[in-house]
Structures are given as structure tokens and as C-alpha cells.
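Everything on this sheet refers to the single structure shown next.
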Amino acid sequence: MPAGPLRGRIRVPGDKSISHRAIMLGALAVGETRVTGLLEGEDVMATAAALGALGATIYKERADDPWSIHGVGVGALLQPESALEMGNSGTSTRLLMGLIASHAITAAFTGDASLSKRPMGRVIEPLSRIGAQFTPSPGGTLPLMMTGAPVPVPIEYRLPVPSAQVKSAILLAGLNTAGITTVIEPVPTRDHTERMLRGFGARVEVEESGGTRTIRIHGEADLRPQAIIVPGDPSSAAFFIVAATLVEGSDLVIENVGLNPTRAGLIEVLRQMGADITAIEPREVGGEPVADLHVRHSVLRGIEVDPALAPSMIDEFPILFVAAALAQGRTTTSGLEELRVKESDRLAAMATALAAVGARVEETADGLAIDGSGGAPLRGTTDGRIETHLDHRIAMSMAVAGLASVDGVEVDDVRPIGTSFPAFEALLEQARA
């Protein structure tokens, strides 16, 4: 029978995007930056190890202490003695390429099998204009060697596709580039980099006109060390929001969730579908909006998801597809080509996985159409395990699908969950205790 309800209060780990950026900017500020609530998953630890190799000192004394980052200053990164091992982290790779692009050092980047298939051309192209040089593997992938520009050139770059990683890479390169580096975003993406750059003392200007955002950073910046409290990761909270919505009898409070408007698309879509999600005590922590979320079970209705919301929930589509599989009626999504070049082809992988547990799914070129069960439990896995393609979000999404199924869902490998959310299974057990 389906699993029992989720109740009580839980707290998800720190936001992964903010954790990456806190380490990077702390490493470029002279003095000590202290970070509380840092996500200690493998991806963020890959960023920390790389910045350590580039000259910063990053540590914590005891398990419950904040992380301490002693930075080297903008322009003072050191030549690493060996390749920077990025594991599975596309964010670490693309943002660090931006940081190094305006420093006259050479670095090699390596990653695991999944990361080594992901395209890096989208950051190589603008960073080459700044003056960095790249020798990637065939197809523009890792392993990759790069040399930063001895005299970086400020550029104005219009993003051809919405990408917070490309935007951030260019802005980080602009920190050590004399003059004004400009990024033009026809579609706004998550703005953690701009917020945190300002917090560290960089001069950043953001203009919005007709839906287009223009971001300018003035180099050569002097960053001041900060005390940072990392809000709970909305992408991690998403799995518990959907689980509590789908499982009958659930009544769950998720504490300290980051509600940056460039990341909160999933909550908006779930509310449009009829989800019962209330923000309690909205507040601002370190320039980021935060609240506790009270989520109760509700029956969802299928909708046509506005493609304009895609950038604000790009990582949450796998778990939204699970919600849609239990809704009443049809849910359609479009404009999701970006999902085909994530840790896996998430459109194809989720279509196959959901069909295997009894959902009715059609895959299109840029989205999925899902006819929901009307709240009836999915069948679950009866023969074989779901293939996760080493993708943490598919593994966690299908684990939530298992809570709303008759036979449960088995996945082929839960190890990738450690890249972003090592405590996922323990927290799920806590919520169901």
C-alpha cells in the first residue's frame, strides 16, 4: 500500500547555488568569510577543493561550526598544481572557468562520466572574447585545459539561451577585468550571483526594460569578507513539497526555505494546480527572501505550464512531472530543451521512468504531456529498477513517486543523491516517522 503521510517540521540543507557562490566570492575577498548552513554535498565540496587548489584556505573546526574561508584577493589566484576535479558539478565547472578566465594562470578541468558529456561551449565562447584560451575535448567537453587572459577585455554579451551559469561565469570574469563587463538577459534567470556580488562590495548595476535585464559589473573589484547564512535550498525542498502534496493526510512545515523569485516557479505552478502551500514568517536573510512553508495534502488539477516560468524552476521539472502524474487531467510543458543537456536527458529519462511505474506520458521535442491518475496511486515498479542515468534529481523524483504508488519504486542507483542532498533519505524517514 502507499506510504504513510509526511508530518511535523523538517529543515532542508543549504541552497546549492548560494553555497557555490559563497565559497567562490569568499575565496576572492581578503580576510575571513564565515558561512553558516553551507550545503556539504559533493558538488559544493568540489568547488571548495578547487578554490583550495587556487590558493584559498577553506575549513571548519567542528561539525557544527560555520565554514571559514580565507581569501586571496581578486587577481591573486594561484596556479593549481594538478587538475581541478569537478566530479558531477556543472555549476562548479562553468563558474570556475569564469573566475579563472581573467587571471593569468592555466588550469585543467576533469569530471565524472556524466559531467564529461555536458557541453561547455556556451561558456567557452564568451570567455574566449574576454581573452581566455581553451583546449577542450572533441565536442567542447571535459577534460579541458584553459589559460586565463593576462590582460582581460571587458565585453558586452547577450545570452543566446537563458543560463544563470553562463551569466555568472561572465560576471565573475568581470571582477578582475578593468572597465565594465555587461551581460544582457532577454529572459531573466536566477540572480544569486548579482545579489552576492553586491553583498561582497562589488559595483553591480541591474536595469530591467521590457522583460530584458542588463547587468553591469565594474572591475577590478575589491571584495570585502562577509558573514553569510545560506537559506534552505528550494530545489531540495521541492521533493518534500510535492511529497506532502501527493500523500494523503500529510501536514508538513519545511523551515527556512529560500524563496528568491528567480527560483520559486515550482511553488507558483503547484499553487495553480491547487496545491495548499502557505509561506509563514516571510523574511530576508543576507539579501535573499526566506520563509517557512506549510504544505498540506491536496488533489491537483492538470494545467498548461507557462514556458516563461521555465528558467525559475528548471531543476524542478522532474519532480513536477511526478506531481502531474497524480493530478486530475492533463498537464503539458514546453520550452524545456535545456533539460536535454542536464546531468542526463531529463525529458527522455523522466518519460521512460514514469511510464515504467504506470503513468501516461507523451514526450515532445521540448516537453512532456502527462495524463494524471486523478489522485489514484501509481502502479510502481513490478519488474526491474528505474534507470536514473546517474542523475540525482531523477533518483529523488522517482523516490517521491514511490510514496504515491502501490508497489513502491526501486531505482538502479541512489549514490548520485550524495552530489546535492546527502541527507535526503534520512529526512524522508524523519518526516514519515
### Message
Treating only the Cβ of Lys, Arg, Asp and Glu as charged (+1, +1, -1, -1), what charge dipole size does the stretch 75-186 show about its Cα centre? Round to the nearest 20 debye.
### Response
240 debye
## Note on the structure
By the Kirkwood definition, with r running over pairs of different Cα atoms, the stretch 88-134 has a hydrodynamic radius in Å of 11.1 Å
### Task
Give the carbon-plus-sulfur fraction of the accessible surface of the chain in %, rounded to a whole number; probe 1.4 Å, heavy atoms of protein chains only.
51 percent
### Task
Provide, for q = 0.12, 0.17, 0.19 Å⁻¹, the log10 of I(q)/I(0) from a solvent-free Debye sum over equal Cα point scatterers in the stretch 1-97.
-0.42, -0.72, -0.87
### Message
Solvent-accessible area of S298, probe 1.4 Å, all protein chains present, reported in Å² to the nearest ten, please.
### Response
20 Å²
### Message
Rounded, prolate or oblate, given the Cα gyration tensor of the stretch 287-431, with a/c below 1.5 counting as rounded?
### Response
rounded
## Note on the structure
Applying the span-like rule to the chain (DSSP H, Cα extent along axis at least 18 Å, Kyte-Doolittle mean at least -1.0) gives 16-28
### Query
Can you give me the pair-distance distribution of the stretch 130-202, C-alpha pairs, 5 Å bins, whole percents?
3, 14, 21, 22, 21, 14, 4, 1
## Note on the structure
Mean shadow area (nm²) of the C-alpha convex hull around the chain is 18.9 nm²
### Summary
Taking the dipole of the chain about the Cα centre (Lys, Arg +1; Asp, Glu -1; charges at Cβ), the one of A3, G302, V161 that reaches farthest to the positive side is V161
#### Entry: Cβ-placed point charges (K, R +1; D, E -1), dipole of the chain about Cα centre in debye, nearest 20
520 debye
### Task
Report P(r) for the stretch 350-397: all Cα-Cα distances, bin width 5 Å, range 0 to the bin holding the largest distance, values in whole percent.
5, 20, 26, 27, 18, 4, 0
### Query
Accessible area per residue of the chain at 1.4 Å probe, in Å²?
37 Å²
## Note on the structure
Contact order relative to length for the chain, counting C-alpha pairs under 8 Å separated by 6 or more residues, stands in percent at 16 percent
### Query
If you take the square roots of the eigenvalues of the alpha-carbon gyration tensor of the stretch 273-369 and sort them as a ≥ b ≥ c, do you get rounded (a/c under 1.5), prolate (a/b over b/c) or oblate?
oblate
## Note on the structure
For R432, R198, the accessible-area ranking with a 1.4 Å probe, largest leading, is R198, R432
### Query
Which percent of the Cα-Cα distances in the stretch 223-306 go past 19 Å?
39 percent
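The values are calculated or read from the model by the stated rules, or taken from the named source; none is laboratory data. What you are looking at is a predicted structure, and each value in this text was computed from that prediction instead of being measured. Ideal geometry is used to build each Cβ from the backbone, glycine not excepted, and the neighbour counts take in all protein chains shown. Areas reflect the complete protein model, heavy atoms only, side chains present, ligands, DNA and RNA absent. Shrake-Rupley method; radii C 1.70, N 1.55, O 1.52, S 1.80 Å.
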